[in-house]
Structures are given as C-alpha cells and as structure tokens.
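One structure is given here, and the rest of the page talks about it.
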Amino acid sequence: MARLLLLAAAACAAACAHGEVRRVGARLPGDPAWPRGERREIAWVGEIRGPESLGIERGFWRRVWDLVTGSDDLSGLYRPFGVAVDGAGRVAVADPGRRLVHLFDPASASARRIGGGDEPLVYPVAVAFLGRLLLVADAEAGALRAFDLEGRPAPLPVAAPRLVRPSGLAVDEQRRRLYVSDAAEHLVHVLPLDPGGAASRLGGRGREAGRFNFPTHLALDAGGGLAVCDALNFRIQLFDAELRPRSAFGQVGDGLGDLARPKGIAFDRDGVVFVVEGYFDVVQAFEPGGRLLGVFGGTGVTPGRFWLAGGMATDARGRLYVADTYNARVQVFDLEARTP
C-alpha cells in the first residue's frame, strides 16, 4: 500500500462505439487497478448514469409516457453531488442540477425521482439512509427533509435545529445519532435519534482542533468515529466516537496529498480515509494519521477519471461510489478486488 500509483484510464472502445451501457460489476480486461496488499486491488467496475446502469429497465409504455411528458429527460443523472447506499443495495443520489433525488432499488427493479412533493426540493446536496427513511439535506432551502422508500414525504425522525446551509449527513444507528454539517454556520449538529436525547454540536469558526471553516461532507468509520471535510481549512478532521478531536491532516497546495478543494469522504473496512480532491479531479487515500497511501483518477471523461467530483460512499461489499458531478455519473470502484 505504500507504493503510489496513478490510476490510468481504462479502454472501453468497443462498448462506447456501440453505445452499450456498462453496468455496475462489468469489469473489463485492462480496467485500472491500485495494488493494496493481501492480494487485493482497487478496480473500476462500472458507472451509474440512470436506472439502466443498474439493470432497472423501464417497460415500453413507461418509456412512451416519459417521452410524451418530458419525464424521460429527468431519468438520468445530470449533476450528481451526494450519494448514499443502504444495506439492501439501494442507491440514492442527490442531483442538485435536477433539483431532485434519484432512488434506485435494483432488488425490486424500481427507480424513483424524489422532488419533494408540495414542498419542492431546491438544491439537494446530501443524502443518507436511516432504516426505511431517506434523509436529504437541501442546502439552498436551509432544510432537512425525510422521505419514505416510495418517495413520499415523511416526518423527520429528529427535532431539526435552525439550519442555514446544510451540506453533509451521516447516520450512526448504533449510537442513535444523526450528524448534519452546516457550512454557513461552521458547525456540525449532533442530533439524537431517540426521544429525550440531548442535541449538541461541534465546531464554531476557527482553525483550532475541533473548529471549522465551512464544513461540508461527513463520514463515519466502523467504530463510530466521525470524519469532517473542513473545506476552507483545507483539511480533514477526525473525531473519535465520543466526539473528541483525534487527528487532522491536509493543507492547501498543488502536491500529492494536498487538499486544495477537499470534498467527499469515505472509509474502507481497514479505516483508510478516501478523500475527493476536487481541484485536481483525484481521489486520495490516507491513513487516519494523515500519511498518503495512494492517489487515483485525474481529469477526464473515461472510466476511472473525474470532472469536479463531489460526495462519496462505501457499501457493505467494499465498493466505493463517487459522485462524478460534471461527468453526470456515479463511478463505482471495488475496494476488495482480488488479484489472480
């Protein structure tokens, strides 16, 4: 893992030439990989551009109806920014460019577009699953919203605090907490999911440990530790499960390991911290103490490359989902691929 390799773009000429949809899991020879040790590698395995990418097919009459009503224009991703995956394999994508959230459920072969109902979503940027609820952070509306898995508005499971620009969400079901970052207020709210629990908050503006300058994306490790993208301090801050500052890493710059435009964060099973570096269109991997382990990506439109990527998420199978915003897709990487 100490070896640093830049992820090369994979060739997909045959698929692209025929307009074939490359579905998640369809690995091809020559796809990029980053050796990790233990005979594992990080490999590109597919992309999500719409329901068909996950094997969710629309029937003939549905396609006709969507074409007539113009709904067909909304079925694909446009400017995906936030992504979440639940234990059943559902994928939610916040798409502020369409002012809606896409909810894909491969198990039931269904896809929904959630626009907010009587209170339309304005600029949804983050999503998180909580049981059978989908939580959405609407940055421009300054609101936290909840929906059921049918896409219908649902009561919030928490008492929502005053929010100015909610930017990130993380759910700790074991400790019954919901984390909400508010970039404009330089805070992370800690909201109890059980009645009678006391709300608290982290931060306040500053550069000291535990303080923030426009915090955005959030992530949780396996032990309940919290990672915060402290965007305009150009660093990632890590907290333990008791919310005590644990470590911080990053600085503004143009070198490997620098964080000029940090965005999405995710953890793998080993506790490796993956961070989207938006300025250079790469994903960087760090030890929790901040040592750089590797980098993959680069600017481009081919598989494994990014164009102003945003949020990230991991699932129980060891896959990493990256919202590749201006390429209008979510790219999927296998963090547990086995080498021959």
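Every number here is computed from the coordinates shown, using simple stated rules; none is lab data. Note that the structure is a prediction, hence the values are computed from the model and not measured. With ideal geometry, Cβ positions are generated from the backbone for all residues, glycine too; neighbour counts draw on all protein chains shown.
For SER247, SER181, which order do you get if you count the other beta carbons within 10 Å of each Cβ and list the fewest first? Show your work: numbers first, answer last.
On the way: SER247 19, SER181 30.
Arranged by neighbour count, lowest to highest, SER247, SER181 become SER247, SER181.
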Stretch GLU242-ASP254 to full length: gain in nm at 0.36 nm per residue minus the Cα-Cα span? 0.9 nm
Can you pull out the trypsin sites (Lys or Arg not before Pro) in the stretch 268-340 that DSSP calls coil and that have at most 13 other Cβ atoms within 10 Å? ARG269, ARG291, ARG317
Excluding PHE239 itself, calculate the net charge of residues whose Cβ lies under 15 Å from the Cβ of PHE239, where each Lys or Arg counts +1 and each Asp or Glu counts -1. +1
Can you work out the FRET efficiency for the pair ALA109 and ALA154, with r the C-beta to C-beta distance and R0 = 25 Å, to the nearest 0.05? 0.60
What are the ³J(HN,Hα) values, in whole Hz, obtained from phi via the Karplus relation 6.51 cos²θ - 1.76 cosθ + 1.60 with θ = phi - 60°, for each residue of the stretch 161-168 in sequence order, with x given for Gly and Pro? x, 5, 10, 9, 9, x, 10, x
For the stretch 253-267, take each phi angle, set θ = phi - 60°, evaluate the Karplus expression 6.51 cos²θ - 1.76 cosθ + 1.60, and give the result in whole Hz per residue in order, putting x for glycine and proline. x, 10, x, 4, x, 6, 10, 6, 9, x, 9, x, 10, 7, 10
Let me check against my output: what whole-number percent is the relative contact order of the stretch 48-332, with C-alpha pairs under 8 Å and at least 6 apart? 13
Sum of side-chain charges, GLY210 neighbourhood, beta-carbon under 14 Å (Lys, Arg +1; Asp, Glu -1): +3
Ranking PHE129, PHE214, PHE333 by Cβ neighbours within 10 Å, fewest first, what do you get? PHE214, PHE129, PHE333
Residues TRP44, TRP307 arranged by fewest to most Cβ contacts within 10 Å: TRP307, TRP44
How large is ³J(HN,Hα) for each residue in the stretch 316-328, as worked out from phi by the Karplus curve 6.51 cos²θ - 1.76 cosθ + 1.60 (θ = phi - 60°), to whole Hz, x for Gly and Pro? 5, 8, x, 9, 10, 10, 10, 6, 8, 4, 7, 9, 6
